[in-house]
Structures are given as C-alpha cells and as structure tokens.
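J.: Below you'll find the structure I mean.
Laboratory data are not the source of any read-out in this text; all were calculated from the coordinates shown. Just so you know, these numbers come straight off a predicted model, no measurement behind them. Cβ sites come from the backbone with ideal geometry, for glycine too, and all protein chains shown count toward neighbours.
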C-alpha cells in the first residue's frame, strides 16, 4: 500500500479563529471553540519538524502524500524559493506532494532534496514510467545571525522532518523552521525578539476546514489584529519595552538587517484548481499584513503556499476559503510568537509580558 493511503489516526479537535466583525450568518456557521489541531486538522496533511542541535535552526515539512493542488504567492522583496514556477496555473504538473520551510537562507533550500528522497523511497510522486518523481516546493528564511551561520539545514534535515511527519498537532515556537526565527529588526538585531512557528485552523459546520502553518521571522512587529496591540517586535533602547514599528517608521530609520522573511502554508480540504489555489494564497497574505507591520518589505521574502487536498468532497467558494485562510494565518502568527521561548539576547513575548 502506498504511503499516501495511510489514514489519520486521530480525531481532529476543532479550533475556530475569531472573525472580527463577522456577520451573524457567518458566525452561525462556525462550530464551538476548542483547542487547535492546526493545519493537520485538514485531512491529507501531515507535518514534521527537525531542529538542529548545534544552533537554533531547522526545517519543517508539510506533506500531502496523496497529492494536493498547489498555488503560491510571493510578496516579499527578498525571497528564496523552490518550484514556485511549477505552481503557475498555466504549467503542466497538477499535484504537489510536499512544501519544505527551512531556516539557513539560500543554503536551506538543500533541505527539500532530503524530502524528495524520503518521498521517493515511500513510493510518492508523479509516475514517469517506472519512476515516481516527487513534486516538492519550498521557501527559506534568513536566520544565519542566530548562532553559527555556518551551521544550516541540509538534505538530511529535510529527510528527517519528512520521516517525522504525522497528523498530530504540530509543535510550535522554537522548532523546525521557527527555531532561529526573530521579529522586530527595524532597529537592528540588538533590539529584536524571538520569533517562531505557529499553526491554526478553522472548521465550519458544513465540514470545510482551512488551516495555516507560518514561520514568523519578519523585520516588522507582530500585532494582535483584534486589539492593535504589539505582541512582539522592536524593543525600546533599554530592552524592556516595545517601541512599536508603526511609530518608528514615521521618522527616518536605517536600512534594516536582511535577517527576515515570513514563510508558510495554508491548506484546505476543499477541491480547488491551481488558479483557485493561487487566489487563496494571495488572499492568505491579508492575514500576514494584519498581524505584521510593516509587511512585504524589500527586506522580507514573504511567501505563502496554498494546498487543496479535496479529500472530503467539500464544496466552498474561493472567497470563503481565502477569507478563512487569512484569519488562520493571523492566528498562526500570534501563536508562533506566544509559543516562542527566549534565547540569549533575544527575549520572547512572554519574557517581556508574562500575560502573553
């Protein structure tokens, strides 16, 4: 039996990201809030992390072993990606088997090769004669200034993350692609804070599920869209408060460091075409912009992939899926920094405010 036919062994527990100012008819369709399973609540989606022991860095793999329709939208000015051209709706290949998110800047793109190897060993890929060719996309973030930058994720990292993938709720915070992530670098690394990786999901009463997994490493601050309050970001000069990047950009600031980028995946159990998945990826960026300021800068490589497994035969409008994807992205970003743990020189949100 193909690896892609394995069944989910856990019943997903529902998490509903709140929809600010949602109309009553939409709110009525939501099920009750519960603890989040994150993106693995989407049937057919597995997630695995591998975190290097030598320094804070690693990679995270999102698997769709039965294949998923994929799309991507790159908004940042400094991206590092793999196989994004393949996801263009005009191009031939119609399925994607994995997305690899990695630290290590351009060096981290090597992690995808290990995931390709693991998938081939497990019989997953597009059939080309007697060979199966796994289709694996990916994106990287810059974390080389956290510890020894000569240590970075490689093909072995991608292999181990794929081998560890499961349908259980993914770990969050300082793991995988979020291990070396930082936030709030508009005034330099000396005033930055610890970022991380987070995940969230939304399940509607009609069976539609939309989830997000986001590695949070922006030049900007992380903001709670429901309150407008900065959760993590540029610290004040004394290091004990938050300066608020929205105020800082109202006066001249030096060019920020290049140690940035927010990368992630949104997924749904609805069936979509490549063009529709691309639109969902575009709309998902709205959630990034709500929760990060500034976003999509010349010094960020902000990239979001979209996967549609179509496993439950759920029918939903692209508008609805994209809107929910944006909500899930915002929630995943908040969860990433709230789950993060401080490391020397880079405090976490909970270090500055234990209520977070």
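J.: As I understand it, the value is the acute angle between the Cα axis of helix 318-339 and the longest principal axis of the Cα atoms of the chain; what does it come to in degrees, rounded to 10?
T.: 50 degrees
J.: Here's something else I'd like to know. For helix 274-291, report the angle its Cα long axis makes with the longest principal axis of the Cα atoms of the chain; keep it between 0 and 90° and round to the nearest 10°.
T.: Roughly 20 degrees, rounded to the nearest 10.
J.: Mind checking the log10 I(q)/I(0) for the range 53-203 at q = 0.09, 0.17, 0.19 Å⁻¹? Debye, one equal scatterer per Cα, no solvent, two decimals.
T.: -0.29, -0.99, -1.19
J.: Further question on the same structure: For the range 188-343, with equal point scatterers placed on the C-alpha atoms only and solvent neglected, what are the log10 I(q)/I(0) values from the Debye formula at q = 0.09 1/Å, to two decimals?
T.: Per q value, in the given order, log10 I(q)/I(0) is -0.30.
J.: For the Cα atoms of the chain, what angle does the longest principal axis make with the long axis of helix 111-121, in degrees from 0 to 90, nearest 10?
T.: Relative to the chain, helix 111-121 is tipped by roughly 20 degrees.
J.: Would you mind putting 201-207, 171-177 in packing order, based on average other-beta-carbon counts within 10 Å, highest first?
T.: Most protected by this proxy first, the peptides run 171-177, 201-207.
J.: Where the Cα atoms of the chain are projected onto their three principal axes, how long is each span, largest first, in whole Å?
T.: 61, 52, 36
J.: Sort the following peptides by mean Cβ neighbour count (other Cβ atoms within 10 Å, averaged over residues), highest first: 233-240, 56-63, 187-194.
T.: Per-residue Cβ counts within 10 Å, averaged per peptide and sorted highest first, yield 56-63, 187-194, 233-240.
J.: What number results when the radius of gyration of the range 278-356, computed over Cα atoms, is divided by 2.2 N^0.38 Å?
T.: Normalised Rg, Cα atoms only: 1.35.
J.: How high is the relative contact order of the chain? Use alpha-carbon pairs under 8 Å, at least six apart in sequence, and give a whole percent.
T.: Averaging sequence separation for qualifying contacts and normalising by length gives 23 percent for the chain.
J.: Specify, per residue and in Å³, the volume enclosed by the convex hull of the alpha carbon atoms belonging to the range 135-235.
T.: Residue-normalised Cα hull volume stands at 132 Å³.
J.: For the range 83-137, report the convex hull volume of the alpha-carbon atoms normalised per residue, in Å³, without decimals.
T.: Spelled out: Cα convex hull of the range 83-137, divided by residues, is 78 Å³.
J.: Could you work out the relative contact order of the range 238-356? I mean the mean sequence separation of Cα pairs under 8 Å and 6+ apart, divided by the number of residues, in percent.
T.: 31 percent
J.: Quick check on packing: order 280-286, 242-248, 314-320 by the mean number of other C-beta atoms within 10 Å, highest mean leading.
T.: The peptides rank, most packed first, as 280-286, 242-248, 314-320.
J.: Set the Förster radius R0 to 25 Å, insert the Cβ-Cβ distance between residue 93 and residue 206 as r into 1/(1 + (r/R0)^6), and round the FRET efficiency to 0.05.
T.: 0.25
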